[in-house]
Amino acid sequence: MKVLVTGATGFVGNHVVNELLKRDFEVIATSIMDSDDAKKFSWFEKVKYISWDLNKPNQNFFEFFEEPELMIHLAWEGLSDYKNLIHIEKNLFSNYFFVKNMVEGGLKNMAVIGTCLEYGMQEGCLKEDMITNPRLPYPLAKDTLRKFIEELNKKYEFDFKWIRLFYLYGSGQSPKSILSQLDKALENNEEVFNMSLGEQQRDYLPVDKVAEYIVKISAQNKVNGIINCCSGKPVSIKELVEDHLKKRNRKIKLNLGYYPYTDYEPMSFWGNVSKLNKILKKTII
């Protein structure tokens, strides 16, 4: 199967490409990064890489990207700032028209990445059929894109998976993430690590496991629609940090309560994994 991966040089995209190659898929990889910079990725010589800005006009993206049988759409600008209006004013529409162009060109199977922040301030175990209520421009744009594609799906026949990611960590993660900041503090031999009280509960997976799940969700067509991609198990931020220190066999004093809790996330939430488990049980790739 020929698979197009957009946003291939991003945190998740890099791992998704490696996972696809491990399973012998033919990969067309694209991102805004130029080819010279993309050569640093281990997979570069094993895929066809096309440097492309999805905002640029093209008569037929489906033909341009060599008629893939499946698209895993991860591309999205400005992820470092969830509150930036660019998500609504630019990303929402550029991504919708790109997807529409692909579908009109002939694409029959796609998986698009969403976010758990679409659920808004709802607490507890979050199930895919819950009404969404995003509180920031980034998840609002993502949730609206999903609704746009669902309307598109009423006119054109194609398999559509909306993969709602929760929290993840691992190689290539943002330097702003808590574990990246913790690693930096350890490398600098700092004595104290400032953080919140750490009582908030989240749903975490390592990025390589997320990539595995994304590939398995995307390659099947028995379960469509919204699919949570997560562990299904709540863990406190404090536990996450303490477990990371244990794995690294390092110690640092945790200055709990230094930072306030965010105002756009509930104290405790995690994902329901019933649909994900149904897919994983049936997957043979």
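Exactly one residue out of G271, G257, G225 is within 26 Å of C125 (Cα to Cα) and either modelled with pLDDT under 95 or buried (at least 19 other Cβ atoms within 10 Å of the Cβ) (or both), and it is G271.
For segment 20-32, a residue qualifies if it is surrounded by fewer than 19 Cβ atoms within 10 Å (Cβ to Cβ) and either aliphatic (A, V, I, L, M) or touching an Asp or Glu at 6+ places or on another chain (Cβ under 6 Å) (or both), and the qualifying residues are L21, I32.
Where in segment 217-285 are there strands (runs of 3 or more DSSP E), lying fully within it, with 2 or more residues that are touching a helix residue (DSSP H, G or I) at 6+ places or on another chain (Cβ under 8 Å)?
225-229, 269-271
Does segment 186-201 hold any residues that are on the phi > 0 side of the Ramachandran plot and crowded, with 17+ Cβ neighbours inside 10 Å, and which are they? Result: G198, single match. Restricting D143, D159, D183 to residues that are charged (D, E, K, R) and more than 28 Å from K222 (Cα to Cα) narrows the list to D183.
Within segment 65-79, restricting attention to residues that are surrounded by fewer than 20 Cβ atoms within 10 Å (Cβ to Cβ) and farther than 14 Å from V103 by Cβ, the residue that is farthest from the chain's Cα centre (by Cα) is E66.
Residues R164, R146: which one is buried (at least 16 other Cβ atoms within 10 Å of the Cβ), among the basic types (K, R), part of a strand (DSSP E or B) and in contact (Cβ under 8 Å) with a residue 12 or more places away in the chain? Within the list R164, R146, the selection yields R164. For Y138, indicate whether it is outside any loop (DSSP other than H, G, I, E, B), in contact (Cβ under 8 Å) with a residue 40 or more places away in the chain and surrounded by fewer than 21 Cβ atoms within 10 Å (Cβ to Cβ). No.
The values are calculated or read from the model by the stated rules, or taken from the named source; none is laboratory data. In this text the structure is predicted, and so the values were computed from the model without any measurement. As a convention, Cβ positions derive from the backbone with ideal geometry for all residues, glycine included, and neighbour counts pool all protein chains shown.
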